[in-house]
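Just below is one structure, and these are the notes that go with it.
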Amino acid sequence: MDGIPMRGGSVRENPRIKKGALLANQAYEAIKHELIYAEEPQGRELIGSHLAKRFGISRTPVHAALARLQEDGLVETIPGKGTRVVPMDAGYIQEVFEVRFALECLAARKAAPFIDDQELGKLQKEFDALRGPLEQGDIPVSVQFEFRIHSLYIDKCGSRLLRNTLNRLQDHQLRIRLFAIKDQENVLASNKEHDQLLSAMFTKDPDTVETAVRNHLSSAWLRVCKIVDCRFGEQIALAVTAREAPRGQ
């Protein structure tokens, strides 16, 4: 899945290890790319010596890379068992969506009055130009537009800490997104919600924009729960959605 666009329109390509550069940083990007884009990364064991041999580097930069990935919450070390990719299970998905609910809804509310009409118009033109591929369930195009629209209100939220925290969450968001969009019906449903979110942003009304973001995240969570067959997952998502009802509604 090389070439899936990331937030801001840049393209995330499979990194290559180049001798003489910062090996730990390169190893970090290469391993992260594999665990996000791999077909079945859930719970896979990561053995430092094997990774070092495959990349043609020493174990030291690999261990440094794994330590960073553990700080990111993408890998975990289990005493007596080693390091593995964090499984795509109900607990992981719940954690990511709970954080997204709390922070993205706040960012959307804060950003709503300050989103520039020119930027919205440009994004609307992009959406109209991509409507054909989107209606056909084109996955790369869908992911590209998703990150473009989410980045718009995140970048305009007026809080550096909030923006940086959400940007760090994007790898988890992308990982779940790539896992969930294997079903074309889910792709089409997500595209429709992003169209509604874009329309809401034109209103500049905090309640309207926050509600659109909340509805989209709630629907996305339910779709993922159905895919992974999370036990009680739908009930959890619905309970959190109700608990986090937007102010003034």
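Condition test on Ile57, is it farther than 30 Å from Ala212 by Cβ, surrounded by fewer than 16 Cβ atoms within 10 Å (Cβ to Cβ) and out of contact with any strand residue (DSSP E or B) (no Cβ under 6 Å at 6 or more places or on another chain)? Show your work before the answer.
Working: farther than 30 Å from Ala212 by Cβ: yes; surrounded by fewer than 16 Cβ atoms within 10 Å (Cβ to Cβ): no; out of contact with any strand residue (DSSP E or B) (no Cβ under 6 Å at 6 or more places or on another chain): yes.
For Ile57, the condition - farther than 30 Å from Ala212 by Cβ, surrounded by fewer than 16 Cβ atoms within 10 Å (Cβ to Cβ) and out of contact with any strand residue (DSSP E or B) (no Cβ under 6 Å at 6 or more places or on another chain) - is not met.
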Please identify the pairs in which a residue from the range 143-156 that is touching a residue at least 24 places away in the same chain (Cβ under 8 Å) has its Cβ atom under 9 Å from the Cβ atom of a residue that is hydroxyl-bearing (Ser, Thr, Tyr), counting only partners at least 6 apart or on another chain.
Glu146/Ser190
Specify the residue that is nearest to the chain's Cα centre (by Cα); the eligible residues are those in the range 99-125 that are assigned to a helix (DSSP H, G or I) and among the acidic types (Asp, Glu).
Glu104
Of Leu51, Leu69, Leu134, the only residue that is on the phi < 0 side of the Ramachandran plot and either assigned by TED's automatic domain parsing to the domain that holds Val224 or not in a helix (DSSP H, G or I) (or both) is Leu134
Somewhere in the range 175-186, is a residue farther than 17 Å from Ile93 by Cβ and in a helix (DSSP H, G or I)?
yes
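The values are calculated or read from the model by the stated rules, or taken from the named source; none is laboratory data. Bear in mind that the values here come from a model prediction, so they are computed numbers and not experimental data. Counting neighbours? That spans all protein chains shown, and the Cβs are built from the backbone with ideal geometry, glycine included.
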